[in-house]
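Report on the following structure.
The values are calculated or read from the model by the stated rules, or taken from the named source; none is laboratory data. Just so it is clear, the model here is predicted, and its values are computed rather than measured. Cβ atoms come from the backbone with ideal geometry, glycine included; neighbour counts cover every protein chain shown. Calculation scope for accessible area: heavy atoms of the full protein, side chains included, ligands and nucleic acids excluded. Shrake-Rupley method; radii C 1.70, N 1.55, O 1.52, S 1.80 Å.
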Amino acid sequence: MSIIPPRKSITVVAPTPTPFNEDDSPSYELLAENVQKWLGTGLSGFVVGSYGGEEFHLSSEEKIQTIRTVAEAHKGQRFVIAGIDTPSPTVALDLAEKYASVGADMVRVRIPNIPKDGRQENGIVSYFDKLVDKSPIPVIIIHQPKQPMSVDATPEEVGQISSMDNVYAYIISLNYRWETQIPSYLHESTQLWTCNGSLLLPGAMIGAEGACLFFANWAPDLCREVIKLTREGDIEEANEIQRRLISSDFIGMDKGVAALKAGLNLLGYRATVPRRPTRALTRLEIAELENAFKEAGML
């Protein structure tokens, strides 16, 4: 039995990276070792099959095996969220069922970009209505447009989706200005999560009760502390921690998965390097990230 936090607790999860062997095949052994190491941190759970795990570089079979591996490795001490990105609610439901069968406790579904044709049955709300009600596990919705400042749903649609019984949380996009209006539409039973290391404090200030961000692979306890302090009204202390995180988070956002893995290697994990053709960081880039980690007090 996995440990899923109560809906109003502070929840910090991260997109779990997939280690690779020298022959470019996934190393499930190293993945399990990394999960064991994360169990000694404040990380609430693992998001498998998302950007940080190189979702578009993995086959369907490899995604299934990574979910199974993480679910077995945490031994009921955490929970697993499986990532889904498809415009088809039929395919999304099929994936939710498959992922649940190998150990996923929830699914994180990206709001699809569905062109509006004026027919309600073809819209965003209809998409989630077809998925959420039949999903065997709770659904977390993420607003993550392909173009960072774009919008794939209206606040009213997000509000309708968040009121569905099987929805656990909503993850904001990088379009913070747009997302500031969402809390007033979000159903009270649905958690609000921020999405980025640099948006920990701002996200908590608009009501975020948790976060889903790759920075939490590096420093889940610092992420949790920023949210906690902000919610308690200690903005000065929260801002001091937030300020120290900015440099390393900027490198992470700029360099992507390569930086995520290089940072984990610096911290003693065995994350290896990105799957080809994505290049690994150079020695100079790793040194820059190391200095940023020291500035943040992470090394």
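To the nearest Å, what is the center-to-center distance of the range 184-223 and the range 241-299, using C-alpha atoms only?
About 21 Å separates the Cα centre of the range 184-223 from the one of the range 241-299.
Roll a 1.4 Å probe over the protein chains and send me the accessible area per residue for the range 31-163 in Å².
Numbers: 5540 Å² over 133 residues.
Computed with neighbouring chains in place, this is 42 Å² per residue.
Along the charge dipole of the chain, which of LEU199, ILE124, SER44 sits closest to the positive end, that is, farthest toward it, with unit charges on the beta carbon of Lys, Arg, Asp and Glu (+1, +1, -1, -1)?
Checked the options; the winner is SER44.
How long is the gain from SER189 to LEU299 if the chain were fully straight, where each residue apart is worth 0.36 nm and the alpha carbon distance is subtracted?
Between SER189 and LEU299, full extension yields an extra 35.8 nm.
Looking at (1) 1, 5, 11, 14, 16, 17, 17, 12, 6, 1, 0; (2) 1, 6, 12, 16, 17, 15, 11, 6, 4, 2, 2, 2, 2, 2, 1, 1, 0, 0, 0, 0; (3) 1, 6, 12, 17, 19, 18, 14, 8, 4, 1, 0, which value of P(r) over Cα pairs in 5 Å bins from 0, in percent comes from a calculation on the structure shown?
Matching entry in (1) 1, 5, 11, 14, 16, 17, 17, 12, 6, 1, 0; (2) 1, 6, 12, 16, 17, 15, 11, 6, 4, 2, 2, 2, 2, 2, 1, 1, 0, 0, 0, 0; (3) 1, 6, 12, 17, 19, 18, 14, 8, 4, 1, 0: (3).
About the Cα centre of the range 113-203, how large is the charge dipole given +1 on each Lys and Arg Cβ and -1 on each Asp and Glu Cβ? Please answer in debye to the nearest 20.
The dipole magnitude comes to about 260 debye.
Tell me the net charge near TYR99. Cut-off is 15 Å between Cβ atoms, TYR99 excluded, with +1 for each Lys or Arg and -1 for each Asp or Glu. Provide the component values of the computation, followed by the final result.
Working: positive: LYS63, ARG68, LYS98, ARG108, ARG110, LYS134; negative: GLU55, GLU61, GLU62, GLU72, ASP85, ASP94, GLU97, ASP105.
It works out to a net charge of -2.
What order do LYS228, LYS294 take when sorted by accessible area (1.4 Å probe), most exposed first?
The residues order as LYS294, LYS228, largest area first.
Any idea what % of Cα-Cα pairs in the range 106-233 are farther than 19 Å?
Result for the distance tail: 47 percent.
Where both partners of a DSSP beta bridge lie in the chain, what percent of those bridges are antiparallel, to the nearest 5?
Counting DSSP beta bridges with both partners in the chain, the antiparallel share is about 5 percent.
Would you work out the charge dipole size for the range 53-138 about its Cα centre, treating the Cβ of every Lys and Arg as +1 and the Cβ of every Asp and Glu as -1, and quote it to the nearest 20 debye?
Its charge dipole is roughly 200 debye.
Find, among the trypsin sites (Lys or Arg not before Pro) in the range 100-176, those assigned to loop by DSSP (not H, G, I, E, B) with at most 16 other beta-carbon atoms within 10 angstrom.
Numbers: sites: ARG108, ARG110, LYS116, ARG119, LYS130, LYS134, LYS146; in loops: LYS116, ARG119, LYS134, LYS146.
Counting only loop positions with at most 16 other Cβ atoms within 10 Å, the trypsin sites (Lys or Arg not before Pro) in the range 100-176 are LYS116, ARG119, LYS134, LYS146.
Using only C-alpha atoms and all pairs of different ones, pull out the Kirkwood radius for the range 37-122 in Å with one decimal.
13.9
Under a straight-distance cross-link criterion of Cα-Cα below 29 Å, which lysines are reachable from LYS294, leaving out those fewer than 8 residues away in the same chain?
LYS37, LYS228, LYS255, LYS261
Can you give the FRET efficiency for ILE235 and ASP24, using 1/(1 + (r/R0)^6), R0 = 35 Å, r = Cβ-Cβ distance, to the nearest 0.05?
Step by step, r from the Cβ atoms, then E = 0.15.
Each residue of the range 183-196 in turn: what ³J(HN,Hα) in whole Hz from Karplus with 6.51, -1.76, 1.60 and θ = phi - 60°, glycine and Pro shown as x?
Here the 3J(HN,Hα) series is x, 6, 9, 5, 5, 5, 7, 9, 5, 10, 10, 7, 10, 7 Hz.
Specify, per residue and in Å³, the volume enclosed by the convex hull of the alpha carbon atoms belonging to the range 160-288.
Output value, Cα hull per residue: 133 Å³.
Taking all protein chains as present, what is the carbon and sulfur share of the accessible area of the range 61-152, in % to the nearest whole number, probe 1.4 Å?
It is 49 percent, rounded to a whole number.
Taking amide H atoms as placed 1.01 Å from N in the peptide plane, list the residues 5 or more away in sequence, or in a different chain, whose amide H sits under 5 Å from that of ILE142.
Residues meeting the criterion, in which the H sits 1.01 Å from N, are VAL109, ARG110, ILE111, ILE171.
Distance from a point 7 Å along Cα→Cβ of ASP165 to each backbone N in the range 120-152: keep the residues under 15 Å and list them by number.
Those under the cut-off are 129-139.
At 7 Å along the Cα-to-beta-carbon direction for both ALA287 and ARG177, put a label point, then send me their distance in nm to one decimal.
3.9
Assuming R0 = 30 Å, what is the FRET efficiency of SER126 and ILE3, from their Cβ-Cβ distance, to the nearest 0.05?
Once the sixth-power term is evaluated, E becomes 0.35.
Considering only protein heavy atoms and a probe of 1.4 Å, how much of the accessible area of the range 233-274 is carbon and sulfur, as a whole percent?
51
DSSP loop (so not H, G, I, E, B), at most 11 other Cβ within 10 Å: list which trypsin sites (Lys or Arg not before Pro) in the range 27-98 pass both filters.
Those satisfying the criteria are LYS75.
Loop only per DSSP, at most 14 neighbouring Cβ atoms within 10 Å: give me the GluC sites (Glu not before Pro) in the range 4-43, ordered by residue number.
Numbers: sites: GLU22, GLU29, GLU33; in loops: GLU22.
Of the GluC sites (Glu not before Pro), the ones in loops of the range 4-43 whose Cβ has at most 14 other Cβ atoms within 10 Å are GLU22.
Suppose a student asked you for the relative contact order of the chain, using Cα pairs under 8 Å spaced at least 6 residues apart; what percent would you report?
18
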